[in-house]
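Scroll down for the structure; my scribbles are underneath it.
The values are calculated or read from the model by the stated rules, or taken from the named source; none is laboratory data. Just so it is clear, the model here is predicted, and its values are computed rather than measured. Because the Cβ atoms are built from the backbone with ideal geometry, glycine has one as well, and the counts that use them run over all protein chains shown. We work out accessible area using only protein heavy atoms, side chains counted, and drop any ligands, DNA or RNA first. Shrake-Rupley method; radii C 1.70, N 1.55, O 1.52, S 1.80 Å.
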Amino acid sequence: MSDQINRRKVPFRGGGFKPRPIRFVAPFVFLTLVLFWEFGSRTGLISNLVLPAPSEAFQAFLDLYNSGLLWKHVSTSLYRLVFGWSIGTALGILVGLLIGLFSLARASLLPLTSAFFPIPKIALLPLFIIWFGIGEGSKVATILFGTFFPTVIATYGGVDNVDRGLIRMGQSFGMSWLSIVRKIILPGALPAILSGARISASIAIILLVAAEMIGAEYGIGAYVLMAGSLFATDQLIVGVAMLSVLGLCVSWLIGKAEKALLSWRG
């Protein structure tokens, strides 16, 4: 009787709500929105004065490319973004680790971080122009200052959320302070640090556009400002699309870093 019982494999239920990648959904949704936009513009449902058709925006992009200014705008913005975000993130991680690991640093630096973090960084741009001039210094400083504080908060928050049982276990096995930091605290805080890097990158793009709208000849923000002042909505759409692509590229790179550095999570 037991031989006649159908045996079947028990399904694995330990996925832990791990997201399952579904291909072609995002491109399909994007293409549907673009086609609806194009249809609405051509039929008059959407006014071309307010929102030009995607085909008109694409033609404006081709004109920008043929003029040779596309790479000039993009490369200038990339330089400011990468330089300011990299330094701000590196300093933020350093200060965040100091606050998370040392009581003296927490007592002295955490109140300053809490006081400066809520300040709108765009409001400090005129002050940075006075300090560093109208050139690259003020723009990079704005991005650096804006990405520094979110990274600090994400880093020391990640350190605080590391399981204390793991730290006590390492101490009971006679691990040195440096080994505990390197093998337990840093890996445990890394997910929060990378999440903070993703947030600070988005803030950096916002501050990049704001900084380039003041006294910049080249850059995506300067291109958007020029298009807006000329009421060239097709060029304005091109500038916004370039910012969107820039954000997607940054998010993709951080996602690759998360997969490489957090492969131990499974």
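Limited to the stretch 242-266, what total is found for residues that are of a type in the set (A, V, I, L, M) and out of contact with any helix residue (DSSP H, G or I) (no Cβ under 7 Å at 6 or more places or on another chain)? If you could, list the steps in order and put the result at the bottom.
As a first pass, look at the stretch 242-266 and keep what is of a type in the set (A, V, I, L, M): 242-243, 245-246, 248, 250, 253-254, 257, 260-262.
The next check asks that each one be out of contact with any helix residue (DSSP H, G or I) (no Cβ under 7 Å at 6 or more places or on another chain); those that pass are 245, 248, 253, 260.
So the count comes out to 4.
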Q) Does the stretch 205-227 contain at least one residue that is among the acidic types (Asp, Glu), closer than 22 Å to Lys72 by Cα, open to solvent by 20 Å² or more (accessible area, probe 1.4 Å) and in contact with a helix residue (DSSP H, G or I) (Cβ under 7 Å, 6 or more places away or on another chain)? A) no
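Where in the stretch 38-129 are there helices (runs of 4 or more DSSP H), lying wholly inside it, with at least 2 residues that are under 21 Å from Leu243 (Cα atoms)?
Result: 54-66, 70-101.
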Q: Out of Ser138, Ser179, Ser114, report the one residue that is surrounded by fewer than 17 Cβ atoms within 10 Å (Cβ to Cβ) and farther than 29 Å from Lys256 by Cβ.
A: Ser114
Q) Given the structure, is Ile254 within 13 Å of the chain's Cα centre (by Cα) and either part of a helix (DSSP H, G or I) or farther than 14 Å from Leu78 by Cβ (or both)? A) yes
Q | Subset of the stretch 161-176 [within 26 Å of Thr89 (Cβ to Cβ) and crowded, with 16+ Cβ neighbours inside 10 Å] | A | Val162, Ile167
Q) Can you find a residue in the stretch 202-218 that is more than 30 Å from Phe102 (Cβ to Cβ), charged (D, E, K, R) and outside any helix (DSSP H, G or I)? A) yes
